[in-house]
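Shown next, in C-alpha cells, is the structure this report addresses.
The values are calculated or read from the model by the stated rules, or taken from the named source; none is laboratory data. Quantities reported herein were computed from a predicted structural model and do not represent experimental measurements. Note that each Cβ is placed from the backbone with ideal geometry, even for glycine, and that neighbours are counted across all protein chains shown. The protein model used for the area step is the full one, side chains on, heavy atoms only, and it has no ligands, DNA or RNA in it. Shrake-Rupley method; radii C 1.70, N 1.55, O 1.52, S 1.80 Å.
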Amino acid sequence: MITTNGLQDLMVHHTEFLIRLAYYYVKDLQAAEDIVQEVFIKIYNNQHNYEERGEVKAFLTKMTINKSKDHLKSWAYRKMQLVDKFFHQKPQEVQMIW
C-alpha cells in the first residue's frame with residue numbers, strides 16, 4: 001500500500017522524467033504536466049490493482065505513455081488542433097490578376 005509519503009517519494013524521483021516523456025508525445029508542457037498528475041492520482045487511487053512484478057518506473061512509464069496517447073485521441077485535443085488550423089493561420093498572399 002502506498003502512503004502519502006511513498007507517493008511523495010515516487011513523485012520526487014520520477015516526475016521530471018515522466019513530464020519529459022509525456023511532452024515527447026503531446027508537445028505541450030501544460031498537457032504533459034496534467035498527464036503526469038493524472039498518472040500519480042490514478043496510481044494512488046488504484047494501488048490495490050498494482051502487482052509488484054517489475055520496476056515501478058516501468059509501470060509509471062507505461063501509464064504515462066498510455067495517458068499521452070489517450071490525450072492525443074481525445075476530442076478536446078483534436079478540437080484544439082482544428083481551431084489552430086483554421087483560425088490561427090497566417091493570411092495567404094493574394095495574387096492580383098491584371
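Take the residues of the stretch 65-83 that are under 14 Å from D28 (Cα atoms) and over 11 Å from the mean Cα position of the chain (by Cα): which is most open to solvent (accessible area, probe 1.4 Å)?
Among them, the one singled out is R78.
Is the stretch 16-39 home to any residue that is more than 27 Å from M80 (Cβ to Cβ) and either among the polar types (S, T, N, Q) or open to solvent by less than 90 Å² (accessible area, probe 1.4 Å) (or both)? Working first, answer last.
Step one: list which residues in the stretch 16-39 are more than 27 Å from M80 (Cβ to Cβ), which gives none.
No; the residues of the stretch 16-39 include none that is more than 27 Å from M80 (Cβ to Cβ) and either among the polar types (S, T, N, Q) or open to solvent by less than 90 Å² (accessible area, probe 1.4 Å) (or both).
Scan the stretch 40-64 for residues that are surrounded by fewer than 11 Cβ atoms within 10 Å (Cβ to Cβ) and not in a loop (DSSP other than H, G, I, E, B) and jot them down.
Start the filter on the stretch 40-64 by keeping residues that are surrounded by fewer than 11 Cβ atoms within 10 Å (Cβ to Cβ), which leaves 45-46, 48-49, 51-55, 58.
Those that are surrounded by fewer than 11 Cβ atoms within 10 Å (Cβ to Cβ) and not in a loop (DSSP other than H, G, I, E, B): N45, H48, N49, A58.
Of all residues in the stretch 58-98, how many are within 20 Å of H13 (Cα to Cα) and either of a type in the set (A, V, I, L, M, F, W, C) or at pLDDT below 90 (or both)?
Residues flagged as within 20 Å of H13 (Cα to Cα) and either of a type in the set (A, V, I, L, M, F, W, C) or at pLDDT below 90 (or both) within the stretch 58-98 amount to 5.
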